Amino acid sequence: MFGGVKGQLRYAVVLTPDSYTTVGGSCAFEFLYYLQFQGGAGANIIGCDVSATPAPSTTTCNLLSVNANTTNQIFYVRATLPPPSGNTVTPYKDLKFQAKISPSGQVEYPMLKQDSSAITFICAEPPLIPVWLASSIPMKFVSSSYLVATNRLEGYITVTSEFTRSLIGVLKGPSTGLQCNFKYLKGQKYKVMCSTITGYASPYPLKIPLTIGSYTQNIDNPIAITPYKEFVYPTLPTLSYFNNLPYMGNVFEFQRNDLIPSLDMAYVPTESKASSLYMYFKSDDPITPKYLSQASFTTLGSTTTKPVFSNLVPSYTIYITSPEQYVIATVQTISTRIWFQQDYTNRRIYFSYPFGVYSVAADGKRNIKFPIVQNSRVGTVLAQFGLPYPVYHKIILPPATESTPAVLNAYNIISLNETTSVLTMSIADVESGLYFASINTSLTTYFVTGNDRVVGTELDGTYEIYVSFKRATPFNVTLVDNSRNIKVLSYDYMNARFGTAYPDTAIIDKIILFNFDQTSVDVTSSSAAVLLEVKITQTADQRDQDNSFLLRIFFSALREPLDVIGIYDNVLGSYKFPFAVPSKLMATSLRYSLFFNHQEMTCDDLYDSLGDPAVLKVINTGTFDMMFPIVDNLVQPTSAITITNQDIDLLWTFTVSDQSGLKVIYVTIASDYDMQGQNFTFTPVFPSTLSQTINAKVTVSPTKCRSMSYFISYMYTEDILGNKGEYIRNTNNGLHPLYKQDNSALISPAVTCPLAPDTLNPTITGVTITDISETFQKIIRVRITATDSGSGLSRDHLPICYFSASGNQLLASQTTVKSFSNDNLSAEFDCLFDSIPFRFGPYMVLSIYGLTDNYFNTIGYDPNDIKAIPNALNNWNLVNLAVPMITSTNSLAKSSKKLIVSGYNYGLSPSTNSCIIEIGYDRPQGPAPSTLTPVIYLKNTLVALDLIPAWGYSINVKDTYSNAKSNVITLVGPLANPSTDSSASSTHSSASSTDSAGSTTTPTTPPTCNSDCGAPQGYGTCVNGKCVCNSPHNGLDCKASIDTTTVISPNTNNPSVNISIPGSNSATTPEFTSFVSVVEMRELDLSNNVVVKSHQFDNNLWQIVKENSESNDRVTTLQYKYTIVSDDKNTILTSTIQVFSQATNITFGNQKLFMNPSTIKFTFNITAYPFTKSTNVLQLVMIAQLESSEKVACSYKEFVDDQSGDSQYLKIQIQDRSLFGRFIKFGLIDGRERILTNVQLDSTYSTSTQSQPTYDQSFIGLNIPYYTQQAVIDPDFSVLIEQKSARDQENSICSASKKKLTNAQIAGIVIGCIVFVFIVAAVVIFLLSRGGHSKIAIKLKKVIHR
């Protein structure tokens, strides 16, 4: 809106328009005055005044701020002027800004515009007209799917043409019953916003009086007219209340859903049923909710209860540890999850077990202690804890702190694309150094810390961060140094000092097109796709460098808002925002906000300016469902249980319901001492199950019994619409699945054991820290030795290592077992930190928590405790990698116009831009230029333009100063590769073709397929020697079809998948079970046919990677990690399972793969493996098994290549169902595509149970050639319905009394798929087999018969 114009001596910018006064009052006159900087003049200005012609009778003047840049001083002034004498509409002229200088001087400056023209200002009293209301739009209650606020009313009025200025401050509402405010829109139009007053006792009148001066006009009051006037609840609502820390949660079940009356507070709608409406709200003090009936407030029912939290408030202590660089905080709390922060950033660390836990108090409270790491310059510790109420603590550390704040010297914003920019900042604090800076827009806050510094030191450094805004976004800055001196740089300061954009009050005026592609959407039974298109007035430079758009949609207060980034369409010249409105959303107008340069325009603002084009109506003619599944009934164990000489089962029986259908339920049962507890996962037996009874059973044995209470510590529910709910014991601050039971109804059964347990804690006897970093990866290994003198160390409760660093930095690593003694009295564990962020630390301290014995004695070690262990290390100073590193790039699959390379160490030279991008091309024309010179050069980001289109690229960064090279990244290019993309076959022709270099090529005749691929029936086509099937058809010849009735539920504890196919209720319906898993990993010397090393997997050592596990309406993703421990190098396996619910195209390497619905894809990522020699291969052995409960059946098995040679296929079939696996014959080996071989190993792992009529299995070995960094492989599996039954296949195996089966006899399939992935830690093994004498076969047999 403004910025200093260089060279202009002085000018003013008026911020307030000409206005009316209140009767006998004055007009506000705000302006910014720019005065050319003159050697510090203005520093002693102590006041101000304004003069004008005609001379005002009285004035006021307040100097709100004084800021400066290198050219100008900027004064922000708020003054008032009365109307000229006689109330004439006479403009004030010859306006002057008078600066009062200490001690008694005054300097006067004329008020001119930037073009040197004179500024005038008009102040007048409003016209006094008896009939001033021209028209009105009826008032309506405020209601949406996000919030029902029928205590508020909104409408519009238009005044007569005599009123040419804003009437804000002049236009008044009623004095009783309603409190009204007004918003001036434009011309003569105003928005009226009123809210009811709860204590108003009289009936509301039919009209709402509005007044200008002494003249009143009336508009209709919907409260007092039909249908609201006659509204009565036949039955008072049912109230459920429960703890919502630090408030009380309340859910009302209203007995009518045809109309929502005027309620005296705002509610969150959750769901509606046949004749009921459910809404939720929080309250602090006890309240008695009311609604308006017969135009008067009527009580809805009982008074809510005020919560009591005295036993939940954490107690805490912080004590100094000298001379270490940390302090120790101790907390005692009963809450399951609490948060902590050590500064003003609001970047909270949420504790989850076992972090910090070192013991349990007699009353069940957890004793927690943990380090707060301080920068060596820091003189102040801040600690803040919650829930339920924030507890604040400040302690000053010696020596005394200094008081000089940090200084922002310069900044720059460089736009990379429509969604991302790089913000660079130069910040100095010569006394204590910068602790952090916050960059605050109206949309979000970004933090700049030492981890973002790319040049210099904390005393004077340059920082780089990624932000989602461009140059025209207003922001202010808060600087905090290590002595906790705080300096706030306001919008005014940033604009005056650096020319930063100022908040724009007229952003809606820039919109020239605003259009939803449909005015209404019906979500009664399904979701609806919507496209919003927005066009604004802007130049090409403003579009690329200045402006950004974001759409935020508020579907429900029970789920996170949906953010949609605006993508610019170069053809249409507009921004597009595609999104989907969820199924069964409440009928309403959609609530959303549009952010232009992070400045918010609400849907109300847009409607006020644009009218109906800003409205998207949501239609739902049925019931709405925005609520997650809830527990309708809970049967719990008795409150007191005594264990004698036999096992006792503690059983919790939940009846969980949801009106749309259950998807998944997780439950954790824990106890006073066993805080980890036992996890249970439940999935519905049939799709769209509306209610299900589930059991969580904990068995307590007298031989391993400790007297304590058991309880539900966690519960998660999700329905098929994506509504999610979470219960966290003693920590809930929102609506949750157990709200109907809550604390008062939940029993914590107290178990009394016959014998006194071992109460001695286990002990850590040794800790070593070793740096085993590789060229492109920082890796720190912590090795722990532990002992227990009593019941022995628990194999089910593994400790976790934590590294803490200053600035709320925390890293965690789950231990892996290196060895256990036979009596469990001693063990050795490894923690592998292999995902350490660049610039983490560098000073960090070690804590270890969760070491537990078999009687649940749990101990935690803070850095002081570790320091007390002989020869143990409790801290480490990281050394950053001294090579360039690529962490990510943008995709080149659609366009190669721009390459953005992100990472760090781009330019190790202190003074020059020394990095280039080395590039290799995979393209039909052959080689191309091998280097790219960046057009944008930053320490963490490089940008190159106009890459030559290719099939693919290999990219690395080279620092020419040091000759160091980065890791290599392989990218898919925009050109379709005929050798890998089947879709390219449609472009083949029998004529010769000429490439861009002018050479002529003649295509060869494509190979034929072994079948017609079902082409006559439209099932598929033959492309390059293999059948490409049309969904839902699948299989080698496209004659089978995907069974889409399957319900696929990945396991949350290990990489396995349960698949069920609902059948009839007939007792003869066959049940199919399937199993897919990794058996072992072997290093093979193929030249001598020798197994060099074998690694069999332990299913207890898998870890779920929660941050990479998610679910949406297209795909469910779960990731697991497993670590193979070796003296030379630990190998990490990461297994990612993706279950596709919709047909999806994916890319693996240069191949485009089609995933049918109900397809399960496994991705295995294996980090570096310590090969014995480079000619060996690594073989991953998988098992796939299918079994039917039918006594009489036929089975068939084959493992074959497709004719193109690209893939191999495993099919295990029983009757007309088959498990169909695809093994692609290439992988990504060290970033490049390499040919793989897959072999069937049934003879190696043969057992007597193989190939039976109702059971079959197969072992497949995936051979991975020697590599040094990473290997990625990608099989997938589906369940198919075959046209040709197994009994009709050659070499099938059938029961002696095989008879033909009817369709009714073929029903459910349950397939548990467990697969392995390799990267950092994860493999769950369900080893399976029946008979035989090998170790693997015995393990497999045990699992199958559990």
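Every read-out reported here was derived from the displayed coordinates using simple, explicitly stated rules and does not represent laboratory data. Keep in mind it's a predicted model, so treat the numbers as computed, not measured. All Cβ positions, glycine included, derive from the backbone under ideal geometry; neighbour counts span all protein chains shown.
ALA55 to THR176: extension gain in nm, 0.36 nm per residue of separation minus the Cα-Cα distance?
Working it through step by step, the gained length comes to 39.5 nm.
Sequence-distant or interchain residues sharing an amide H contact under 5 Å with GLY792, placed H: which?
ASN854
How large is the dipole of the range 728-879 about the Cα centre if only Lys and Arg carry +1 and Asp and Glu carry -1, each at its Cβ, rounded to the nearest 20 debye? Don't skip to the answer; put the middle values down first.
Working: 9 positive and 13 negative charges, 80 e Å.
Result for the range 728-879 is approximately 380 debye, rounded to the nearest 20.
Going through the range 881-911, which trypsin sites (Lys or Arg not before Pro) have at most 13 other Cβ atoms within 10 Å and a DSSP loop state?
On the way: sites: LYS894, LYS897, LYS898; in loops: LYS894, LYS897.
Of the trypsin sites (Lys or Arg not before Pro), the ones in loops of the range 881-911 whose Cβ has at most 13 other Cβ atoms within 10 Å are LYS894, LYS897.
As a quick test, which of the pairs LYS470/LYS510; LYS724/LYS1106; LYS663/LYS724; LYS365/LYS740; LYS183/LYS535 have an alpha carbon distance above 19 angstrom in this structure?
LYS365/LYS740; LYS183/LYS535
Can you check what the net charge comes to around VAL957, using other residues whose Cβ is under 11 Å from the Cβ of VAL957 (Lys, Arg +1; Asp, Glu -1)?
0
Would you kindly derive the ³J(HN,Hα) couplings of the range 443-451 from the backbone phi angles with the Karplus curve 6.51 cos²θ - 1.76 cosθ + 1.60 (θ = phi - 60°), listing them in order in whole Hz, with x for Gly and Pro?
9, 7, 10, 10, 10, 10, 10, x, 5
Determine the dipole magnitude for the range 37-189: charges of +1 sit on the beta-carbon of Lys and Arg, -1 on that of Asp and Glu, nothing else is charged, the reference point is the Cα centre, and the result goes in debye to the nearest 20.
Numbers: 12 positive and 7 negative charges, 86 e Å.
Around 420 debye, computed over the range 37-189.
Less than 14 Å Cβ to Cβ from ASN181, Lys/Arg counted +1 and Asp/Glu -1: what total charge do the surrounding residues give?
Working: positive: ARG152, LYS172, LYS183, LYS191; negative: GLU154, ASP604, ASP608.
With Lys, Arg at +1 and Asp, Glu at -1, the neighbours total +1.
Would you mind computing, in nm to one decimal, how far apart the modelled labels at ILE512 and LYS1191 are, each placed 7 Å from Cα along Cα→Cβ?
Going by the 7 Å Cα→Cβ label model, 8.1 nm.
Just want to confirm a number: the relative contact order over the range 610-678, from Cα pairs under 8 angstrom separated by 6+ residues, in percent.
Averaging sequence separation for qualifying contacts and normalising by length gives 29 percent for the range 610-678.
Non-local amide H neighbours of LEU112 (under 5 Å, H modeled in plane, Pro and chain starts lacking H): which ones?
ALA12
Mind pulling the per residue volume of the convex hull built on the Cα atoms of the range 688-789? Å³ is fine.
It is 244 Å³ per residue.
What list of ³J(HN,Hα) values in whole Hz, one per residue of the range 105-117 in order, does the Karplus curve 6.51 cos²θ - 1.76 cosθ + 1.60 (θ = phi - 60°) give from phi, with Gly and Pro shown as x?
Running phi through 6.51 cos²θ - 1.76 cosθ + 1.60 with θ = phi - 60° gives x, 8, 10, 10, 10, x, 9, 10, 6, 4, 8, 6, 7 Hz.
By a straight-distance test (C-alpha under 15 Å), which aspartates and glutamates pair with LYS939 as possible cross-link partners, with residues fewer than eight away in the same chain excluded?
Candidates past the 8-residue exclusion: ASP452, GLU464, ASP959.
Tell me which residues come under 5 Å, amide H to amide H, from ASN633 once H is placed; ignore anything under 5 positions away on its chain.
THR655
Arrange the peptides 873-884, 615-626, 52-63 so that the one whose residues have, on average, the most other Cβ atoms within 10 Å appears first.
Working: 873-884: 17.1, 615-626: 18.6, 52-63: 14.7.
Top of the packing list down: 615-626, 873-884, 52-63.
Using the Karplus curve 6.51 cos²θ - 1.76 cosθ + 1.60 with θ = phi - 60°, work out ³J(HN,Hα) for each residue of the range 664-679 in order, rounded to whole Hz, and write x for Gly and Pro.
Couplings: 7, 9, 10, 9, 10, 9, 10, 8, 3, 9, 8, 6, 5, x, 10, 9 Hz.
Under 27 Å Cα to Cα from LYS229, which lysines show up? Leave out anything in the same chain fewer than 8 places away.
Excluding near neighbours in sequence, the set is LYS140, LYS172, LYS191, LYS207, LYS273, LYS290, LYS617.
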